[in-house]
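A short write-up of the structure that comes next.
The values are calculated or read from the model by the stated rules, or taken from the named source; none is laboratory data. What you see is a predicted model, and the numbers here were worked out from it, not measured in a lab. Quick reminder, even Gly has a Cβ in these numbers, built from the backbone with ideal geometry, and neighbours come from all protein chains shown. For the accessible areas, the whole protein counts, side chains as well, though only heavy atoms, and no ligand, DNA or RNA atoms are used. Shrake-Rupley method; radii C 1.70, N 1.55, O 1.52, S 1.80 Å.
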Amino acid sequence: MPRATGWLIVALVAFIAVFAPGSGRALGLSEAEIRKALEQNKQKQAELKNQSKRVTEALQANRAEQKRLGQEIRYLDLKMNEAETRLRKLHGEIARTEADVAKTEAALRDAEARIAARQAILKKRVRALYERGPVSYWEVLFGARSMGDFLSRLVLMGKVVAHDEALLEANRRDRALIAEKKAELDRLLAALRQKYAQVQAEKARLASLQKERTVQIAQLQAQAVDYEKELEKYDQQLSALVKEYNRLNQALTKVYWSGGQLAWPVPGYFAISSPFGYRIHPITKQRSFHSGIDIPAPEGTPIAAAEAGKVILAEYYGGYGNTIIIDHGGGMSTLYGHIRPGGIKVSVGQVVSRGQTIAEVGTTGLSTGPHLHFSVLKNGDYVNPKNYLGR
Ligand SMILES: [Zn+2]
């Protein structure tokens, strides 16, 4: 009766007309074959979802591993920087120790030169005192003015030699100390060089480990791209399966209407208060299109399904008030409006038989009194119900 919501109904029915192409024979398959295909489709969907889940988990693990390796690389960076700092420090220590070693080597050479010089002097004096001693003694003796003079000269010579021997001994002690210091420095240098080699080896190990981790990350990244591609592929396959499933499922929708006459929807009440087509609207007083016929009847009068079919709408629906739409297949559907409150006796998805009571007459929505508004839709277009009712 009202027009405002009419286009919605048309859209709904058009949708059904497009997506419910008819019987399974339209696909060239028997119902059993379609049911089998639906079952297989469901299994494939489940398998795909499982595969997709596994790949998603693998991808998550991959990303976690990438993150872990990234952290390890940063840690290795720190360790390598530490090693570098230690190497620089060791390098400095080695250079200083090498300089010290060179200095002690020079000191040792000096000490040895001093010893050699002292030894030469002492040798000369001792030779003078002992080897050529008798001559010297006699020389000294006869050269002496007195015995006392001779003795004092002898004592003096002895004192000079003793002094030279003491100096030589001191020089030798010096050399021993310097040699000891040099040995100590040599040990230190060797230890430093060994430490340097160790740290260098450690740094090389860290660098090789870091390179290894970098390669691993690159491999993981490549693998992640593959996983993502795989997931995308699964999504596409799943979407295709869902479409196929819906197509097959629609094919199972039975065709209840095979072109014959529809049953009268209000048994016992045959008057038509408002016909199909353009008219002056009883409430708005405007010329408007009436999408069906109005059949007056007392509130609560049973409304019968005009044909077997599947209920696709059963709720308050704009100007039509409480409304039922039944899809009869073959592009045919019927609409029942202004049903009284609580008068809808069927639900969406329910299959009803021809003549079955589906509702009770009322005056909900835009209505002037209890009546059934009855519309017939053919392939989504309102058509004159009288052409299908035989009255
Ligand atoms: Zn009406």
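Among all the aspartates and glutamates, which ones have a C-alpha under 20 Å from K67's C-alpha, if same-chain residues fewer than 8 places away are not counted?
Candidates past the 8-residue exclusion: E57, D77, E212, D226, E228.
Taking 7 Å along the Cα-to-C-beta vector as the label spot, tell me the R287-R172 distance in nanometres, rounded to one decimal.
For the pair R287/R172, the computed spacing is 14.7 nm.
With contacts defined as alpha carbon pairs under 8 Å and 6 or more residues apart, what's the relative contact order of segment 235-380 in percent?
25
If you roll a 1.4 Å probe over the chain with all protein chains in place, what percent of the accessible area is carbon or sulfur?
Exposed carbon and sulfur together represent 55 percent of the surface.
Take every Cα pair under 8 Å in segment 59-236 that's 6+ residues apart, average their separations, divide by the length, and report that relative contact order as a whole percent.
For segment 59-236, the relative contact order is 49 percent.
Excluding residues on the same chain fewer than 8 positions from K181, give the aspartates and glutamates whose Cα lies under 18 Å from its Cα.
E93, E98, D100, E105, D110, E112
Among the listed pairs K243/K345; K36/K243; K44/K229, which have their C-alpha atoms separated by more than 21 angstrom in this model?
K243/K345
Leaving out ligands and nucleic acids, and using a 1.4 Å probe, what accessible area per residue does the chain come to in Å²?
58
Semi-axes of the chain's equivalent ellipsoid from the Cα gyration tensor, sqrt of 5 times each eigenvalue, largest first, rounded to whole Å?
That gives 129, 21, 13 Å for the three semi-axes.
Report relative contact order for the chain in percent, whole number only (criteria: Cα-Cα under 8 Å, sequence separation at least 6).
Relative contact order, the chain: 22 percent.
Sorting M332, M157, M80 by accessible area (1.4 Å probe), largest first, what list results?
Correct descending sequence by accessible area is M157, M80, M332.
Label-point separation (nm) for E39 and T368, each offset 7 Å from Cα along Cα-to-Cβ?
So the label points at E39 and T368 sit 5.8 nm apart.
Using heavy-atom solvent-accessible surface (probe 1.4 Å) with all chains present, what is the largest-first order of D164, D381, D100?
Descending order: D381, D100, D164.
Which angle between 0 and 90 degrees, to the nearest 10, do you get for helix 133-143 versus the longest principal axis of the chain when only C-alpha atoms count?
Value to nearest ten degrees: 50.
Just order 230-239, 370-379 by mean Cβ neighbour count inside 10 Å, highest at the front, would you?
370-379, 230-239
Angle, helix 31-126 long axis vs. longest principal axis of the chain, Cα atoms, 0 to 90°, nearest 10?
10
Nearest 10 degrees is fine. How inclined is helix 147-251 to the longest principal axis of the chain, computing both from alpha carbons?
The angle comes out near 10 degrees.
Once the dipole of the chain is set up with Lys and Arg at +1 and Asp and Glu at -1 on Cβ about the Cα centre, which of G349, A297, S152 lies farthest towards its positive end?
Value computed over the given set: S152.
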